[in-house]
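Here the structure comes first, spelled out in structure tokens, and everything after it is commentary.
The values are calculated or read from the model by the stated rules, or taken from the named source; none is laboratory data. The model shown is predicted, which means the values in this text are computed figures rather than measured ones. As a convention, Cβ positions derive from the backbone with ideal geometry for all residues, glycine included, and neighbour counts pool all protein chains shown. The protein model used for the area step is the full one, side chains on, heavy atoms only, and it has no ligands, DNA or RNA in it. Shrake-Rupley method; radii C 1.70, N 1.55, O 1.52, S 1.80 Å.
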Amino acid sequence: MLGSVPGDGAQAEGTRVLGICGSLRAGSYNRALLRVARELTPDGMEIDIFEDLGHVPPYNGDVEAEGDPPEVTAFKRAIADADGVLIATPEYNYGTTGVLKNAIDWASRPPRQSVLDRKPVALMGASTGIGGTAQAQLQVRQALAFPGAQTMPEPELLVSRVRDKFDGDGRLTDELVRTALGALLESFSEWVEQVEAISAAA
């Protein structure tokens, strides 16, 4: 949780979420979706977008054995410092992107001690096709299962034909998507609290 602010003997806490975009493209619709999410956060939630995913090197066990590269250390620290992770994945060839899968592979190490263990995660995605990243999100869920991430089962946000839903300046123009994104964030806020409560009681 974010730092508390004293007042009248009470402590105010908030939820810090790390946003991760699975695309490296500057004009990525999924990056734009994360920016909209920052505008729609429920009270007490903040979203910081991790901007250096492209600097995370390809996973290599020999490199890991010598110690995590600085870029990997920074990525893991960003996850560890967050109360939850919000992933926006594109869909390429019925799957997620290589860059996102690679980042998850690094973050999943070491086994049973990774920064993803018991970490609340929410998924969303935007695609120019009609599937709305359903296959990509399934692949990401599967990749997150072994390291023990607690991926929110629903609601899902599958934005199809995304070119029709953003204008030329990257602004979301579809109110149905905006409403669905807001609902996802509200549910994720509750999911983070639920996972934290279960982890504290374990």
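Just a few scattered comments:
- Restricting region 118-129 to residues that are farther than 23 Å from Q194 by Cα, open to solvent by less than 50 Å² (accessible area, probe 1.4 Å) and part of a loop (DSSP other than H, G, I, E, B), the residue that is modelled with the lowest pLDDT is G129.
- Test result for A107, in contact with a Phe, Trp or Tyr (Cβ under 7 Å, 6 or more places away or on another chain) and of a type in the set (G, A, S): yes
- Note on region 47-68: residues that are free of Cβ contacts under 8 Å to residues at least 12 places away in the same chain and outside any loop (DSSP other than H, G, I, E, B) total 4.
- Of the residues making up region 34-46, not a single one is within 13 Å of the chain's Cα centre (by Cα), over 23 Å from A183 (Cα atoms) and either modelled with pLDDT of 95 or more or outside any loop (DSSP other than H, G, I, E, B) (or both).
- Among the residues of region 87-117, those that are in a loop (DSSP other than H, G, I, E, B) and surrounded by 14 or more Cβ atoms within 10 Å (Cβ to Cβ) comprise T89, P90, E91, T96, T97, S108, R109, S114, V115, L116, D117.
- Taken together, the residues in region 47-64 that are within 13 Å of the chain's Cα centre (by Cα) and either among the basic types (K, R) or more than 17 Å from R178 (Cβ to Cβ) (or both) amount to 5.
- Residues of region 135-147 that are in contact (Cβ under 8 Å) with a residue 40 or more places away in the chain and farther than 16 Å from V85 by Cα: Q135, A136, Q139.
- Residue, nearest to P58 (Cα to Cα), within region 130-159, restricted to residues that are in a strand (DSSP E or B) and open to solvent by 60 Å² or more (accessible area, probe 1.4 Å): Q150
- Of all residues in region 75-117, those being more than 30 Å from A197 (Cα to Cα) and of a type in the set (S, T, Y) number 4.
- Every residue from region 14-33 that is of a type in the set (A, V, I, L, M), crowded, with 23+ Cβ neighbours inside 10 Å and assigned to a helix (DSSP H, G or I): L33
- Meets criteria (open to solvent by less than 50 Å² (accessible area, probe 1.4 Å) and among the small types (G, A, S)) for A65: no
- Members of region 164-193 found to be surrounded by 13 or more Cβ atoms within 10 Å (Cβ to Cβ), assigned to a helix (DSSP H, G or I) and either on the phi > 0 side of the Ramachandran plot or polar (S, T, N, Q) (or both), listed by number: S187, S189
- Flag for V177 being among the β-branched types (V, I, T) and farther than 18 Å from R38 by Cα: no
- Selected residue (only one of A122, A145 is among the hydrophobic types (A, V, I, L, M, F, W, C) and under 17 Å from M45 (Cβ atoms)): A122
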